[in-house]
1. For the peptides 116-126, 560-570, what is the packing order when you average, over each peptide's residues, the other Cβ atoms within 10 Å and list the highest mean first?
2. A 22 angstrom limit on the alpha carbon distance is what I want to check against. Which of Lys271/Lys456; Lys111/Lys533; Lys345/Lys402; Lys430/Lys550; Lys494/Lys550; Lys140/Lys547 exceed it?
3. Can you work out the accessible area per residue across the chain, with the rest of the protein chains kept in place, probe 1.4 Å, in square angstrom?
4. State the percentage of accessible surface on the chain attributable to carbon and sulfur atoms; use a 1.4 Å probe and exclude ligands, DNA and RNA.
5. Over the chain, what is the relative contact order in whole percent, taking alpha-carbon pairs under 8 Å and six or more residues apart?
6. Tell me the net charge near Glu658. Cut-off is 13 Å between Cβ atoms, Glu658 excluded, with +1 for each Lys or Arg and -1 for each Asp or Glu.
7. Can you compute 3J(HN,Hα) from phi for each residue in segment 2-11, using the Karplus curve 6.51 cos²θ - 1.76 cosθ + 1.60 with θ = phi - 60°, rounded to whole Hz and x for Gly and Pro?
8. Dipole of the chain (Lys/Arg Cβ +1, Asp/Glu Cβ -1, origin at the Cα centre): which of Gly188, Trp24, Gly103 lies farthest to the positive side?
Amino acid sequence: ELYLGGESLAKGYYGQPEQTAERWIEHPQWGRLYRTGDRVRYRWDGELEFLGRFDHQISLRGFRIELGEIEACLLRHPQIQEAVVEVWEERLVAYLVGDTVEGEAMRQWVKQRLPEYMVPRFYEWLPALPITPNGKVDRKALPEPAWEGEVTFVAARNEIEARLVHIWQEILQQPQIGIQDNFFACGGDSILSIQVVARAQREGLRLTPKQLFEHQTIAELAPYVQQQPQVAAEQGLVEGTVPFSPIQQWFWEQAIPNRNHWNQSLLLLWKETAIPDALQAALQAVIEQHDALRLRIVEEESVHQSIEAELPFTWVDLRGQPEEWQQQRIEQIADQAQQQLDLTKGPIQRMIYFQLGDQPDRLLWILHHWMVDAVSWRILLEDFQQAYQQATQQQPIQLPAKTSSWKDWIAQLQQYAQTQQVQKELPYWKQQVESITALPVDHPEGENRQAHLQMKVRTFTKEQTEALLRESTKAYRTQVTDLLLTAWAQTVQKWTASDICHLHLEGHGREEISEQLDLSRTVGWFTSLYPLKLDISEAETMGDAIKGVKEQIRAIPHKGLGYGLLQTWGKESSLTTAPKPEVSFNYLGQVDGTWSGDLLLGMAPEARGEMVDPTSERAHRIDLLGMVVAGRFQLTLQYSEQQYEQQTMDWLIQTYMEQLQQLITHCC
């Protein structure tokens, strides 16, 4: 049996003194040692050869699990006389002898006593366990599971569950959701979880994204709803000086000649001809509701907020003109408007309504990226439509209650940055930025400016997308991002012959750092940007690669929030001066809901103009953007035509999509 010792030996199992006493021993010569349970022998060359286990510890989906611990837990149930746990097809199966208990009831009973990854999914009841001639359990003789107990549709049992089912159906765009359906297995992601929380709060249900991550089915989540008090938030106009957030500091450090021209925008199809006064009233209400829409820069390290002196709204009548001329005029006006924002003097947004006549009208909304992100767009469009409908019906405009302000968020973030929890992340982040190597470049001397931006776009079918979102994630209990990043690591391996790749990951940044904060309906630029090193050198199979990448993603502390905090307020020079990854990756999830509602029909076909100043230096050589649009997964690869040949990027994106499809096929 292999024993381990040394200075870095763990102290024991947390909160389990009996198991610690069993596994850790004091040796008279070598001091404190740990019993691994591994059977080994020395080979002729001095290498240790692994022969198996003395106990039944296994590795499942990245977790080391003691099957005996699960068995001991099961035996504490009053109706179970004997219990054995085995692994079949990457799933835990419990073989039980005793009075039969319904599978879901057993699962819930075990879940109260063991972590989720140790809870058996299936329960097989036997009259007796198979026994070897010497009286031990014959594990090899255990029957293959009948796979009964697979989670099937279960309808809501009470009002809370029914309301949550309705919310999930809307957010996930699924016609049927049962209370045993897993949120992430149904295509949910971290951004959609924020939408669920916001929608629930509109209906008077109080929950947090953290609760949704910990209790991923409605049946598990419902008991925790309405037990959290509503966070108190300032409902009036919030004003005052606010320091730069980490992502705003990152923006300020980029080589951007014209910082006023760095926007986000949507050009949307409007269902019916709008009423000008109602549109203006709705926009005014939204500006007053969301404090971030009034941000202004007053010096290079802080911002303040003020009320718009003039409503940034324009009505353009293009009726009676040829359709081709209308399209050209829309694109011309849009391009001009993209250049007319001002972070210091204002406006920092523009709204333009194009009345066309015989076809759906267009609504162009331009916002400086300084105060908006992908999650914010969903909030703004929802509030804008609600305010417009109230205005057209001559009703007072009343929007949902405000959640925590941007100003309060930054204040709490600064305090959190000084905690030991964040400081302890420093060794991890130093490791992530070690030995970053440059990507292959066709033309190293070529410029990498916004003016040279080219894009490659590839799209899955609806059937492929359905498999990606709802089927492939079940095999290894992964999330979509795990598979997307595994495919990229494998693509880089083919491109560079390296098992290691570095990239910048973008997250929504709205992580829970205080129970006094609620950001579910707060508008602002919360994005977190942090480095990640993916290593697939030990992956011999696709399953190994998926599990390895999943483990590396799960190891990211607090969804990457601390990296920006250490750079911005920790003044950690080793992170600031370290080389930066040359690839960025951002998965926006299912964006169809962004422009949902009674008034909007979807994205308009016309170009929105240059959203970023063409002379700006791009932060990365390659940007990868994934999203699900109209039920189809879409990947966009951005690069500089001055640095890469078109055929190189065609090969790169095609290889990526092929790798991703192979992973999906393997998982399904």
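1. Highest-to-lowest ranking by the protection proxy: 560-570, 116-126.
2. From Lys271/Lys456; Lys111/Lys533; Lys345/Lys402; Lys430/Lys550; Lys494/Lys550; Lys140/Lys547, over 22 Å: Lys271/Lys456; Lys111/Lys533; Lys345/Lys402; Lys140/Lys547.
3. That works out to 47 Å² per residue.
4. 47
5. About 15 percent, as a whole number.
6. That works out to +1.
7. 8, 10, 10, x, x, 5, 9, 5, 5, 7
8. Trp24
The values are calculated or read from the model by the stated rules, or taken from the named source; none is laboratory data. Predicted model only: the values in this text are computed from it and were never measured. Note: ideal-geometry Cβ built from the backbone for every residue, glycine included; neighbour counts use all protein chains shown. The accessibility values were calculated without ligands, DNA or RNA, using every heavy atom of the protein model including side chains. Shrake-Rupley method; radii C 1.70, N 1.55, O 1.52, S 1.80 Å.
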